[in-house]
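First comes the structure, then the notes that go with it.
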Amino acid sequence: MAIVRIKINGVMQQHDVEDRTLLIHYIRENSRLTGAHIGCDTSNCGACTVLLNGSAVKSCTVLAVQVQDEEVTTVEGLSGDFNGLSPVQEGFRQQHGLQCGYCTPGMVMASTALLRENPKPTEDDIRHALEGNICRCTGYEMIVNSVRWAAENGGGK
Amino acid sequence: MIPALFTHVPVTTIKEASDALNHYGDDAKLLAGGHSLIPLMKLRLATPGYLIDIARINDLRGIREDKDKLVVGALTTHEQIENSPLIRKYAPIIGAAAKLVGDPQVRNRGTIGGSVAHGDAASDLSVALFGANASFVATGPNGKRVISAVDFFLGFWTTALNQDDVLTEIHIPYAPSTNWSYQKFTIRSQDWAVVSVAVSGSNIILGAMGEIPLRAEKCEQAIASGADFEQAASFADEGTSPSSDIRASADYRRHLAKVLVFDALTEAKKRS
Amino acid sequence: MDLNHEFIVNVPIANAWTILTDLELIAPCLPGAQLTEIDGDTYFGNVKVKVGPILAQFEGRAEFLERNEVEHRAALKGEGRDKSGKGSTSATITARLEAVTDTSTKCLVHTDLAITGKLAQFGRGALADVSDKILAMFVENLNKLIAAS
Amino acid sequence: MSLVGAKVLRKEDPALLTGHGKFVDDFSPPNSCFGQFVMSDQAHAKIISIDVSEALKMPGVLGVWTAADFISFPNLPGGMPDFERPVLAHDRVRWAGEPIAIVVAENRYQAADAVPTVIVEYETLDAVSSVAQATAPGAPLLFDAHRSNVLTKVPMLDDLEKHFVKSFSRASLRIVNQRCAVVPIETVGCLADWTLDGLTIWATTQAPHHLRNKLASWLDTPQNLCRVVAPDVGGGFGAKIVWYPEFFVAPLLSKWLRRPVKFMQTRSESMVQMTHGRDQVHDIEVGFEKNGKINALRMVISQNLGAYGDPTGLGLATLTGWMAAGCYKIAHVSTGFRTVVTNTTPVAAYRGAGRPEATFSIERIIDLVALKTNVDPVKVRQINFIQPNEFPYETHNEAVIYDSGDFPQALDECLRLLDYDAVKAEQAKNLADKNAPLIGIGFSCWLEIAGFGPNGSLEGFGHLASWESAQIRIAPDGSATIFIGSSPHGQGHETFVAQIASDELGIPFERISVIHGDTATVIQGVGTMGSRGVPTVGSAVKVASERLMVRAKKIAAHLLEAAEQDIEVKDNAFNVRGTPGKKVSWSDVGLTSFQPLRLPPELQAGTLEERLFHESPNFSYPSGAYACVVEVNRKTGKVKIQKMIVVDDCGTVINPLLAEGQVHGGVAQGIAQALYEQVCYDPSTGQPITANLIDYLIPSAPDLPNYIAGRITTLCPNNPLGAKGIGESGAVGSPPAVVNAVVNALSSFGVEHIDMPVTPEKVWHAMNGRK
């Protein structure tokens, strides 16, 4: 067991967890933030994507003990000018970038990370930035459009 | 899925890491980014009892110039390599290969040392590093050893690292910014290489054509003796032993090796 | 999965046969194998296989299905299960001896190997290659053992 | 302004986008514990013994259960007698992944630790994983008493030989429609909480009432005490219609342990436990004239059911047979089928369920005829089309009467978007240039049977009925809550239902809420499957709204002292036609509906509530024309989709955004089947070798193209909306377009067919004349 402190969405959390606790379970079960989801076992689907110190990571492939005293942002931690939604979140709404919504938090976080690094991505940039996120509903085009919408509406700030 | 129980052993110096490996023996594994190991642990194919976490050994980070070579700390992430001006200047093939590892999230966490130490013949970085004549610094209880790429990869997921060795640095001799190419064939975008090829100067290295990254000796010799690219590439599969799996048969891998060697030679020449 | 290996040893066929059919002698030829108990014709033991970070420890038993001295054919069946649930394996190894000369013998080893569970279901594990390699080491050790007799 | 037909943004999105969606695994009531199955790692074996003693000693373990503990409970519902699936395997396991025992522990970590400590001793039996293996002489039997692995056999009534003999020529083809894993990104799971107040189970299901009815009966508990909730469901695509064993055992475990019990498959478990789709082999023969006109078609379908025979799986071949002739007028059609059990994961519905298989074959056959006659594939299609004036069109099967369509117009629109001549010119140019990729053009003119449906259409798959329900309730402030029986998993029901209702009721979209997926609040429902959402529940909402409006207008007329026929609803108020300014708001009418003193005498308090079970007299038949342009790398055989053109006809479109989203998603899955995905087994052991997302190749964003979408509209006469359904279209229509394009690109190599998935290696072999 280890006492693991992680700042999640600006709030310092502290939980006594097993060494093997995956970051995704720390977030979902200890911190009770259920936005990030689990879709696979092998780091393929990206549904668990969160920002770790600002970079997109797959929280199912990170141990909670590995990120002691670091900062995590989940989809619940995003906010912005669009009725409280961030440009990326609003882009997904405007462009119908989600259907069942299960992969969506991971997509939104990967897209958010992309736009912070590359505020004006090409279509190819967007598709490659999201290659680690699987969506089974949308066929991706509308997700690409969503990210483009976000880029045009301040998502890169 | 969930890893089996283990004890997390954070260390802050290389010596502590080596001592811990020594102490726990076969039951211990080093943990860097964890992107080769944790998936195997979640599937419970790997069930180490102790994870020696070296992520906080600051000496293992960063890329620096050292006379005629770049010294890359083992904990340097794929993303840092991909975006490093030094890599771009002195070893562009390594940056190109790093960019093709996994996906952005994996590249943000996965490290060059972890990738290389896993000893996977399909590892983009291993193949490119072999191509770039890189050598690997293993630090064990008896000090440092510098192992050349030729001697480093021994067999399926097996390297020359001893149980109590820490892979600390990777040395990449300054490579020309020209005459290199890294080619990777995948079925879908985010995937392991079905076959990959690194051409760097006169080196031609094949990925996923056997248990370890392999030198395409016959191709190199053919080029040295003046053969054209097509002739040289036709020898690409000689001495290889690719496996057949869900992605490709051995036969098809042999064919791809020839295609990729040709493409790599052609691209490398364009850069010269 | 069918795997085939063969070798020639410079011993008469009768000597080779004696060794080949002595499980206590040949068991250590399998890398990582250890006999723990013998109960009549059934041999209990374990086999430790390490491939990179994957460590499988199969516990199981082996027995001869056939020991045909006339045709110099022996078939050994082994079954094992990994202690931590990585999977199970069962193998029927059929070895056949042919006299090449009076003092040399050819040994043909055919292995019908079935692996189930996670180990079998993890495609990138190059299971066939690893299995073949382990068996090749077994055969090589067997070769040495017989040759040394 | 009418909302029907407008691109209205979804009601569902804000919650899902901010992490406030509620999926099954997001619920964690206090004191919950976690169940996990011990799965068979053998494809086919007798169970000699199960030793749970070690597992019981593991930390956190609350209990371990085997088949013996469920002996007094029936098998899973809906199976065929003698082939029913037990809730846990008892004497025999029939596929690698079949649940054998259950471990319940304090949490999922401890359950995962204990599962491998359950020791199952097997006697291994030979396994069969394909139809060919299962039907070979001497094949090992899954059910010894049955003496054959063929479960059902429906022979062709007529082999049509005389019509083939009379034809100019004939051609035959064996087509394999490979096994696919469904892979919704949320796996299957449930949380059961059985208290003294009864059972509540949150489940990943497409059909909560359906599950409630079966579950209550299985548990022998009254339905009022058995509540099934389908909260947000993370994709289904057919595989979440199925009754999974965890749905049945979790309630019992909760009752026995007096704690909420959760099951949630990991992906590796899901890859072998969640039902698979497709897996059919077709033997087809076609007789045709010199000009490409087809006279006769016969087809024998072999359906690999996997182990047991899921109730949905059993019906797939029937649907394939029904749709064998596609959108073509073929004078003589004969079909037959057999269903075969194998030692593999059971097969059930997957997006399209039986129709993609039919479409793939007929569209491949059309191209084969084009190849054999040297007539352009477009012309062969045009010459064989059912014409727009021939509807309703009776097919070779009496159950199937095509409602409406305009296949020539759809193809014309597709050709226009494609610029066929320009692409053909590019193709010829590239063919001559050895350094350029080969170009291929493929078409798929398809239709499918949807809008399930008319009486009897779902009952055949074990459902209660085939209607769908809607219940509309007006609140005292004139806002509306609509309860619908069809529970979505991404289709956007909350949005399209509110659009339809808003138009009918004149209540603003924002003042309409849509409730679904809870058997405690929704009176009865059927489910979301078979492209039935809009045609059934949409129609129910429309008609219920109309009926409710009669009484609402009556109240308004009473309040306004005007004639009912003069009342029109506009801008959230009831107006008197021809008298500007004379109006009463919806709030007033809503309030009045609860105030007997203000109501007209013939109405009672609470009158503004309406419920309706909508029944369709017939199916609907969405159709379309798709075209695909591919580039084939001459050296590696890798296929790249250059253009994907999709012209759909789904009748009335309620929300173009949603309709396009459905098409995109379906097309993506179709392309994935065509190029990437296949569930594989080791043929010698029956071990699954694509049991995780490393080895099962699902495409991600860089692997798929943009879609050029067009539309034509012919209305469905069988429902008041004129809507046909769109959920499955893309998955039905796209695979043959892609494969036809690849085969077309390789025509100069004499290639006539390539089985899916069209991998680079298969293309390379085809280019090199190898099998």
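Laboratory data are not the source of any read-out in this text; all were calculated from the coordinates shown. Owing to the predicted nature of the structure, the values given are computational and were not obtained by experimental measurement. Cβ sites come from the backbone with ideal geometry, for glycine too, and all protein chains shown count toward neighbours.
Table for the structure above
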{"read-out": "Directionally averaged shadow of segment C:2-148, computed from the convex hull of its alpha-carbon atoms, nm²", "value": "8.4 nm²"}
{"read-out": "On Cα atoms only, tilt of A:104-117 relative to the major axis of chain A in degrees", "value": "80 degrees"}
{"read-out": "Residue order, fewest to most beta carbons within 10 Å, for D:Cys680, A:Cys137", "value": "D:Cys680, A:Cys137"}
{"read-out": "Zone of D:Gln565's modelled label, taken as backbone nitrogen in segment D:575-594 under 18 Å from a point 7 Å along Cα→Cβ", "value": "D:575-579"}
{"read-out": "19 Å Cα-Cα threshold exceeded, pairs from D:Lys11/D:Lys554; D:Lys166/D:Lys329; D:Lys553/D:Lys724; B:Lys99/B:Lys269; C:Lys48/C:Lys133; B:Lys184/B:Lys269", "value": "D:Lys11/D:Lys554; D:Lys553/D:Lys724; B:Lys99/B:Lys269"}
{"read-out": "Pairwise FRET efficiency - C:Glu98 versus C:Leu65, Cβ, R0 = 30 Å, nearest 0.05", "value": "0.90"}
{"read-out": "A:Asn53/D:Ala139 FRET efficiency (R0 56 Å; Cβ-Cβ; nearest 0.05)", "value": "0.45"}
{"read-out": "Global geometry of segment D:612-712, whether rounded, prolate or oblate, following the gyration tensor of its Cα atoms and the 1.5 cut on a/c", "value": "oblate"}
{"read-out": "Cα centroid of segment D:694-771 to Cα centroid of segment D:326-375, whole Å", "value": "14 Å"}
{"read-out": "Anisotropy class of chain D from Cα gyration tensor, a/c 1.5 cut", "value": "oblate"}
{"read-out": "Selected from A:Pro105, A:Pro121, A:Pro87 as most flexible by GNM, with chain A as the system and alpha-carbon contacts under 10 Å", "value": "A:Pro121"}
{"read-out": "Label-to-label distance, nm, for residues given as D:Asn224 and A:Asp124 (7 Å Cα→Cβ offset)", "value": "6.7 nm"}
{"read-out": "Rounded to 5, the percent of DSSP beta bridges in chain D classed as antiparallel", "value": "80 percent"}
{"read-out": "Span from the segment D:21-57 Cα centroid across to the segment B:47-77 one, whole angstrom", "value": "40 Å"}
{"read-out": "FRET E, pair B:Glu217, D:Ser748, Förster distance 25 Å, beta-carbon r, rounded to 0.05", "value": "0.10"}
{"read-out": "Footprinting exposure proxy for D:Ile694, D:Ile71 (fewest neighbouring C-beta atoms within 10 Å first)", "value": "D:Ile71, D:Ile694"}
{"read-out": "Least to most buried among D:Met58, D:Met644 (fewest other Cβ within 10 Å first)", "value": "D:Met58, D:Met644"}
{"read-out": "Segment D:467-614: C-alpha pair distances exceeding 19 Å, %", "value": "50 percent"}
{"read-out": "Listed residues B:Leu154, B:Leu45, B:Leu125, most fluctuating in chain B (Gaussian network, C-alpha, under 10 Å)", "value": "B:Leu45"}
{"read-out": "Segment A:62-140 versus segment A:1-52: alpha-carbon centroid distance in Å", "value": "17 Å"}
{"read-out": "Antiparallel bridge percentage (DSSP; both residues within the protein assembly as shown; nearest 5)", "value": "85 percent"}
{"read-out": "Pairs from A:Lys58/D:Lys643; B:Lys42/D:Lys57; D:Lys429/D:Lys638 whose Cα-Cα separation, in the structure shown, is over 25 Å", "value": "A:Lys58/D:Lys643"}
{"read-out": "Other-chain or far-sequence residues with amide H under 5 Å of B:Ile204's (modelled H)", "value": "B:Ala216"}
{"read-out": "For the protein assembly as shown, diffusion coefficient by Stokes-Einstein and Kirkwood Rh (Cα), 25 °C, 0.890 mPa s, µm²/s", "value": "74 µm²/s"}
{"read-out": "Residue with peak Gaussian network fluctuation, chain A [Cα springs, cutoff 10 Å], from A:Thr73, A:Thr34, A:Thr122", "value": "A:Thr122"}
